[in-house]
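Accompanying notes for the structure given below.
The values are calculated or read from the model by the stated rules, or taken from the named source; none is laboratory data. Quick caveat: nothing in here was measured; it's all calculated off a predicted structure. Because the Cβ atoms are built from the backbone with ideal geometry, glycine has one as well, and the counts that use them run over all protein chains shown. Heads up: the accessible areas ignore ligands, DNA and RNA and are worked out on the full protein's heavy atoms, side chains in. Shrake-Rupley method; radii C 1.70, N 1.55, O 1.52, S 1.80 Å.
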Amino acid sequence: MSTADTDLDKACHQPGADSMPAQQESHQSDDGIHQELLIDGASCGSCVAKIESALKRVPGVASAEMNFAQRSVSVFGGADASELIKAIEDAGYSAKVSTAESADDALAEKEAADLTYYRRLMREMTMALLLGVPLMIYSIVGGEMTVTTNTERVVWLLVGVLTLAVMVFSGKHFYIGAWQSLKNHSANMDTLIALGTGTAWLYSMVVVLVPYLLPEMARHVYFEATAMIIGLINLGLALELKARGRTSEAIKRLIGLQPKMARVIRDDKELDVAIDEVVLNDVVRVRPGEKIPVDGEVVEGHSAIDESMLTGEPMPVEKSEGDEVVAGTINKSGSVLFKATRVGKDTALAQIINMVKRAQNSKPPIGRLADVISAYFVPVVMITAVVSALVWLNFGPEPTVAFAIVSATTVLIIACPCALGLATPMSVMVGIGKAAEAGVLIRNGEALQTASKITAMVLDKTGTITLGAPKVTDILVADGQDENTVLQLAATLEAGSEHPLAMAIVESAKERGLDAGKASNFNAITGHGVQADVQGKTLLFGNEKLMQKHGVELGGFVAKAQALAAEAKTPMYFAVDNQLATIIAVADPIKDDSIAAIKRLQSNGIRVIMLTGDNRDTAKAVADKVGVKEFFAEVQPDDKSKKVQALQMEGEVVGMTGDGINDAPALAIADVGFAIGTGTDVAIESADITLMRGSLHGLADAIAISKATLSNIKQNLFGAFIYNAAGVPLAAGVLYPFFGVLLSPVIAGAAMAFSSLTVVTNANRLRLFKAKEH
Amino acid sequence: MLFVNLAGVALIVLIVWWFWLYKPQEKVVSENDTVVTVESGTYTPSRLQVAAGRPITLAFLRRDPSPCSEVLLIPGLEISETLPLNKRKSIKLPALPAGEYEFHCQMQMYQGKITVS
C-alpha cells in the first residue's frame, strides 16, 4: 500500500481528520450560486448519501455533490449558506463555509515552516563547519592531509567517522533526496551534492583503510572537503530561504489587507465573527477607521472609503446607499452597513491575491531555454564528471587517481542547476508583486515579457483617455437669465430622457441641489432635440436647426457654440418661450493625468494611437489636447481589432488599452491587452494586464516594471549560464595544462552555495524599483 | 587502464539509459483519490496515467520543507499552485485529450509526468 493510500485510509477512519482546505468556488451557474462547504464528522462512505439528501431537501438547492476524500460538498442553488449548514447539522454532522484556507493563515503557516527549516539548516551548517573549518585551517597552514604512517591512519579514521557523522546529521537530506530521485529515474541538486561529497569521503576512506591499493602520492584525504561542502551548501540554502522570503513581500502586503474579523448583524444583534464565517447576504457594520471585511453593497450610511491599497488612487471615494464596497479597503469617516455580496475566495481582494500568486508562479518565454537545460542538466554534469575523471586517469600527471577524484568531485559540486532554475522565477515573483503594489495586475509571465517590448500603444478614447462619463462643462447664459434657474428648467425638460447628454444635465442640476420639476407635452424631435411645457412656459432644447425652426434668435451665440465644439464639447441651445436662455455644453472630460501619462509613453519611444467611435472633430480636438498625433475616428467596435492587426502588420508590438468590455476583441488580438479598471471593479481575467485605477500612468508603470523585470531576468540567466559554463570546465581542470591550477572542491562548494543566493539577491534588487515620478 | 576506461564508458551509458531512456511504470489514476507525495526531492508516484476525456482531481501532499518543492507547475495545463507543507492540496484536472503533461517544481528539479490515454 502506498503512502497515499495509507493517508486516505487513515482519513477515512478518523472523523474530521482531513480538514484539507477545499477551494471555494462560489460562482453563478445555470443552477444558481455554487457554494462549497467543509464537512466535519463524516467518517464513512454512507455519510455521503445522508448529507447530500439533507442538502437537497433545503428549498432552493438544485444539486448537492459531496467529495468524500476532501470532506467537502458542492451545492448549487439559491439557498443561504446558513440554511445549508443547519441542514447538515440536523443530519448529525457539522459544516462551515469553505473559504479555502485563509490566505493569512496559509502565510503564517508557511512562515512558521520556513523558520523551522531555516533553523534546521543553520544547525546542520554549524555542525558541519565545526568539523570542516578546523580541518580546512589545518590543511591551509600546511598540515599533512595524507596517510603515510599507522598513527595517521588511526587519526584520519577517527576524522573519517566524524565526517560520516556530519554526513548523517547535516547532510542526510541530500543523500535521501539523491536516493529517492535515483529510484525515480530523475536527478537533482541532491544527486550532485551526494555524489560529490560521497565520492570524496569514500575515496578518503579507501586511503585510510586500504592505502596500499593506491600509489603513495595519491594517499590524500578529502574529509575537510566533504564537511565544508555540506556546511556551505546548508548555509547557502538557509540564506536563500531568507532571501526568498523577501521576494514575496508584495503578496504578504496584499494578504495583510484582509481583516480577520467582521461585525455582522444577525437577529438584530451585532456579533463579531471570524471572517470565514461571514456568509452571503449577511449585513455587516463597519465603523470609521475599520477595514471592509468582505465585498458588499452599502444599505445604510455614508462614508469615504480609502481604496488606495488596491487601486493606487490616493483620494478616498465617497460611498453611500447602493454603492459597492470592497474587502481590504478602509472606511475613513462614517459608519456604514452593507450587505455581503462576495465572501471568502470570491472577494475582489482574494481574487487579486490569487491572480498575483498564479502570475508569480508562471514563467515568461525567456525562461524556457533555461527550463530545457535544467531538464538535462544533472545527468550531463554527471557524464562530464566521469569524462573528466577518465581524462585525468589517462592523460593526467601523477597521482592521476587523486587528480581524477578531485576533478570529478569538483565538477559535481560546482555545477548549480538551482541558479539556472531560480533565475527567471525569482525575478518574476518580485516584478509581478511590485506591479501589483502599483495597482497593475499582470496576468502571467508571458504578458510581462511582451509588455517590455511594446512599440505601439492603442488607446480607446471613451473611458480610457476620458472619464467615460459626460458632464456639463459650460453654461453660457443670455443676458438677464439666471444660471441655476435655466439649469433647473433644462433638467426638468430632460428628466424623462435616457440620452447620456440629457442625463449629464440632470446630474449637473442634482449636484447643485436643484430639483427637477414636472414637464408636460413632452415631444422628442428626432435629430433636433426636445420640446415640452413647464410651468406654463414652452421649453426647447436642442441643436441650431431646432432653434431656427422655431425662429429663436441666436445672435453671437452661434460663434460661441462653434468655439465649444472645437474644444471637443457638444453645445446645445436652450430656449424659453422662443427666447434663447443659454447654451449648455456637455463633454466627456479628459482624465486629469491623461496628458502627462501619454507624454510619458511617448518619451519612452512608444507610438501612441487613439481610437474612437466619435466624430472626427471631437476625436481631433481630444487628440490635439492630449498630444496624440495619430487617431482613428468613427471606428466601430468590430473595427478596432482590425486597426490593431494593421499595426501588427507594420511590425509593431501592439498594446491595446480599453475598458475590457466593448474592446474585448481588440484586447484579445493585441500583443498585450490592458484593461482599465474603474475603481476596484476590475475584470481581472479579461486582459493580459489590468490597471486597477483609471489613470493611464498605469500603462507606463506596467511597461517600466516589465522592462526592469526582464532586464533582471537576463542578468540572472546570464550569470547562471556563465557561472556553469565557466565553472564546470574550470572544475574539470582545463586550466591545469596551462597554469597548473586545479580548483579545490571546497571552493566549488562555496561557489555553488552562493550562486543561488546571488540570483535571489539580484531578484530582490527589483524591490527597490520605482516607476518614474509623475 | 583499459578496464577503467571501459568502466567509465559503461557508467556513461548507464547514466544515459537510467535517466533518459528508461520508461518507468506509470500509476493508473482512475478515481479522485490519488495522492502524490512531495518528499525528498521527488514526487511519488511521479508518473501517472489517466483516462482521456475524464476530469480528475489529484491531491498533492508536500512533506518536503525545502522551498523548491513549494510550487507545482503543470505548464501544459497552465496550472501553477503553491503546495502547503504537510497538507493536501487538490488539483483539478479538466477532461484532457490524449497526450503527455509534465509537472515539476519551479526549477524542474522535482519532475513528474501525466500520461493521458
Which pairs, out of A:Lys363/A:Lys642; A:Lys252/A:Lys357; A:Lys345/B:Lys27; B:Lys27/B:Lys92, put more than 22 Å between their alpha-carbon atoms?
A:Lys363/A:Lys642; A:Lys345/B:Lys27
Contour excess over end-to-end distance, with Cα ends at A:Ser320 and A:Glu216 and 0.36 nm allotted per residue
28.5 nm
So between A:Lys599 and A:Asp639, what do we pick up on full extension, going 0.36 nm a residue minus the alpha carbon distance?
11.8 nm
Give the average, rounded to an integer, of partner chain Cβ atoms located within 10 angstrom of each Cβ in A:708-718.
0
On a straight-distance basis, which lysines could pair with A:Lys549 in a cross-link, Cα separation under 19 angstrom, same-chain partners fewer than 8 positions away excluded?
A:Lys537
Run the numbers on the stretch B:94-117: which residues show a drop of 30 Å² or more in accessible area, chain on its own versus all protein chains together, using a 1.4 Å probe over heavy atoms?
B:Gln106, B:Met107, B:Gln108, B:Met109, B:Gln111
Any idea what angle helix A:81-90 forms with the longest principal axis of chain A, computed on alpha-carbon atoms, 0 to 90 degrees, nearest 10?
60
Residue by residue through the stretch A:280-294, the couplings from Karplus 6.51 cos²θ - 1.76 cosθ + 1.60 with θ = phi - 60°, in Hz, x for Gly and Pro, are 3, 6, 4, 9, 10, 9, 10, 8, x, x, 8, 8, 6, x, 9
Report, ordered by chain and residue number, the aspartates and glutamates lying within cross-link reach of A:Lys260, taken as a straight Cα distance under 17 Å and ignoring same-chain residues fewer than 8 apart.
A:Glu101, A:Asp104, A:Asp105, A:Glu109, A:Glu270, A:Asp272, A:Asp276, A:Glu277, A:Asp282, A:Glu290, A:Asp295, A:Asp346
For peptides A:236-244, A:153-161, B:5-13, sequence by mean Cβ density within 10 Å, most packed first
A:236-244, A:153-161, B:5-13
Applying 1/(1 + (r/R0)^6) with R0 = 41 Å to the Cβ-Cβ distance of A:Val372 and B:Ser30, what FRET efficiency is obtained, to the nearest 0.05?
0.80
Cα→Cβ-extended label distance, 7 Å offset, between B:Leu21 and B:Val4, nm:
2.6
Projected area, mean over directions - the stretch A:300-339, Cα convex hull, nm²:
2.5
Binned at 5 Å from 0, what are the whole-percent values of the Cα-Cα distance distribution for the stretch A:535-648, short to long?
2, 10, 16, 16, 14, 12, 9, 8, 6, 4, 2, 0, 0
Please list A:Asp624, A:Asp276, A:Asp267 in order of solvent-accessible area, largest first, computed with a 1.4 Å probe with all protein chains present.
A:Asp267, A:Asp624, A:Asp276
Taking chain A as the reference, fit the longest principal axis to its C-alpha atoms, fit the long axis of helix A:745-765 to the helix C-alpha atoms, and give the angle between the two in degrees, 0 to 90, nearest 10.
10
Would you mind telling me the share, in percent, of accessible area of chain A contributed by carbon and sulfur at probe 1.4 angstrom?
57
Under a point spin-label approximation (7 Å from Cα along Cα-to-Cβ), what is the A:Arg57-A:Asp267 distance to one decimal in nm?
2.2
Restricting the count to DSSP beta bridges whose residues both fall in the protein assembly as shown, what percent are antiparallel, rounded to a multiple of 5?
75
Two decimals is fine: what is log10 I(q)/I(0) at q = 0.15, 0.17, 0.24 Å⁻¹ for the stretch A:325-397, from a Debye sum with one equal scatterer on every Cα and no solvent?
-0.76, -0.83, -1.07
Taking each pair of distinct Cα atoms in the stretch A:330-487 once, what is the resulting Kirkwood hydrodynamic radius in Å?
22.6
Probe 1.4 Å, heavy atoms of protein chains only: per residue, the accessible area of the stretch A:145-185 in Å² is 52
Dividing the alpha-carbon Rg of the protein assembly as shown by 2.2 N^0.38 Å yields what?
1.20
For A:Lys770, which aspartates and glutamates qualify as cross-link partners when the Cα separation must be under 16 Å and same-chain residues fewer than eight apart are set aside?
A:Glu249, A:Glu437, A:Asp701
Counting only protein chains, not ligands or nucleic acids, how are A:Tyr175, B:Tyr43, B:Tyr101 ordered by accessible area (probe 1.4 Å), most first?
A:Tyr175, B:Tyr101, B:Tyr43
Set the bar at 25 Å for Cα to Cα. Now go through B:Lys23/B:Lys87; A:Lys339/A:Lys434; A:Lys110/A:Lys332; A:Lys96/A:Lys339; A:Lys110/A:Lys172; A:Lys319/A:Lys591 and name every pair that lies beyond it.
B:Lys23/B:Lys87; A:Lys339/A:Lys434; A:Lys110/A:Lys332
For the stretch A:400-479, what is the Kirkwood hydrodynamic radius in Å, using each pair of distinct C-alpha atoms?
18.7
I need the phi-derived Karplus couplings for the stretch A:621-628: 6.51 cos²θ - 1.76 cosθ + 1.60, θ = phi - 60°, integer Hz, Gly and Pro marked x.
4, 5, 4, 4, 5, 9, x, 9
For residues of B:79-91, the mean tally of beta carbons on other chains within 10 Å:
6
Obtain the radius of gyration and the Kirkwood radius of chain B from its C-alpha atoms and give Rg over Rh.
1.09
When the Kirkwood hydrodynamic radius is evaluated over all pairs of different C-alpha atoms of the stretch A:225-310, what value in angstrom, to one decimal, is obtained?
16.7
The stretch A:462-600 - Rg (one decimal) and Dmax (whole number), Cα, Å
15.3, 55
Counting each DSSP H run of 4 or more residues in the protein assembly as shown as -39500 (n - 2.57), what helix-only mean residue ellipticity at 222 nm follows after dividing by all residues, to the nearest 500 deg cm²/dmol?
-15000 deg cm²/dmol
Just from the alpha-carbon atoms, what are the Rg and Dmax of the stretch A:112-221 in angstroms?
16.1, 52
Spelling out what I want: for every residue of the stretch A:176-182, take phi, set θ = phi - 60°, compute 6.51 cos²θ - 1.76 cosθ + 1.60 (Karplus), and round to whole Hz; glycine and proline get x.
5, x, 5, 5, 4, 5, 4
Quote the FRET efficiency, to the nearest 0.05, computed for A:His550 versus A:Asp515 with a Förster distance R0 of 30 Å and r equal to the Cβ-Cβ distance.
0.65
Report, to the nearest 10°, how far helix A:368-395 tilts away from the longest principal axis of the Cα atoms in chain A, using its own Cα long axis and a range of 0 to 90°.
20
